[in-house]
Amino acid sequence: GNNFDDDNNGYIDDRYGWNFIENSPYPLPESHGTHVAGIIGAEGNNGIGVAGVTWDVQLMSLDVLNGTEGDYLSDYEFWYGVLDAIDYAVENGADVINMSLGQDFNLTSRQFIQEFPDLHQDTLFTLQNAVDSGTTVVIAAGNEDLDFDSRWVSYPALYSEFISGVISVAAIQNTGDIT
């Protein structure tokens, strides 16, 4: 909080992370991201509530949604903010990047690449750099009850098809139905 870039990483006062929407050191708590962070690292056996997957973890809060998902997900500029956040995480030593976000396209992977060649190349470069730096990237593959065996892709989860170390994840209900 001293208005200096003490660690010389190009971000002033980013002690707790960075808000890429407002370009500030104040990531805002957002219901989904905060919920996912709790699943990852909520300390258990403390009488407060849930227990996370791992209790001994350091989390880096990188805000790319700022609490308003809908308006940003269709914005090309938004996705470049996400790529900047990936670069930031890698440069600041993240072992794992969790991305509980994505956008679904009624396209095949090949069609997506043809329609968005610049975004494809930039995403491929950013994710490959993350993996080459030793960071595992986990990306949600969508929660929209779509048949991804047909003509749908989820960006950026589709990059698990191209890069080892990028993992796309999905969920099913206890009945086996898509969530």
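Looking only at residues that are open to solvent by less than 40 Å² (accessible area, probe 1.4 Å) and touching a residue at least 24 places away in the same chain (Cβ under 8 Å) in region 34-53, which one is farthest from Gly102 (Cα to Cα)? Explain how you work it out, then say what you get.
We begin by selecting, within region 34-53, every residue open to solvent by less than 40 Å² (accessible area, probe 1.4 Å); these are 36-38, 41-42, 44, 52.
After this cut, where a residue has to be touching a residue at least 24 places away in the same chain (Cβ under 8 Å) as well, the list is 36-37.
On the way: Val36: 15, Ala37: 17 Å.
Out of the qualifying residues, it is Ala37.
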Is there a residue being at pLDDT 90 or above, open to solvent by 90 Å² or more (accessible area, probe 1.4 Å) and not aromatic (Phe, Trp, Tyr) anywhere in region 73-91? yes
Report, by residue number, each residue of region 144-161 that is more than 17 Å from the chain's Cα centre (by Cα) and either of a type in the set (A, V, I, L, M, F, W, C) or modelled with pLDDT of 95 or more (or both). Leu146, Phe148, Trp152
Restricting to region 60-72, name every residue that is surrounded by fewer than 15 Cβ atoms within 10 Å (Cβ to Cβ) and either of a type in the set (S, T, N, Q) or modelled with pLDDT of 85 or more (or both). Thr68
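Considering each residue of region 94-113, count those that are open to solvent by 50 Å² or more (accessible area, probe 1.4 Å) and free of Cβ contacts under 8 Å to residues at least 60 places away in the same chain, and give that number. Give the derivation first.
As a first pass, look at region 94-113 and keep what is open to solvent by 50 Å² or more (accessible area, probe 1.4 Å): 95-96, 98, 106, 108, 110-111.
Filter once more, keeping what is free of Cβ contacts under 8 Å to residues at least 60 places away in the same chain: 95-96, 106, 108, 110-111.
Selection size over region 94-113: 6.
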Does any residue in region 152-179 that is open to solvent by 80 Å² or more (accessible area, probe 1.4 Å) come within less than 9 Å, Cβ to Cβ, of a residue that is hydroxyl-bearing (Ser, Thr, Tyr) six or more places away or on a different chain, and which pairs are these? Glu161/Ser109; Glu161/Ser168; Phe162/Ser109; Ala170/Ser154; Ala170/Thr179; Ile172/Thr179; Gln173/Thr179
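The values are calculated or read from the model by the stated rules, or taken from the named source; none is laboratory data. Here the structure is a predicted model, which means the values were calculated and not measured. Reconstructed Cβ throughout: ideal geometry from the backbone, glycine too, with neighbour counts over all protein chains shown. We work out accessible area using only protein heavy atoms, side chains counted, and drop any ligands, DNA or RNA first. Shrake-Rupley method; radii C 1.70, N 1.55, O 1.52, S 1.80 Å.
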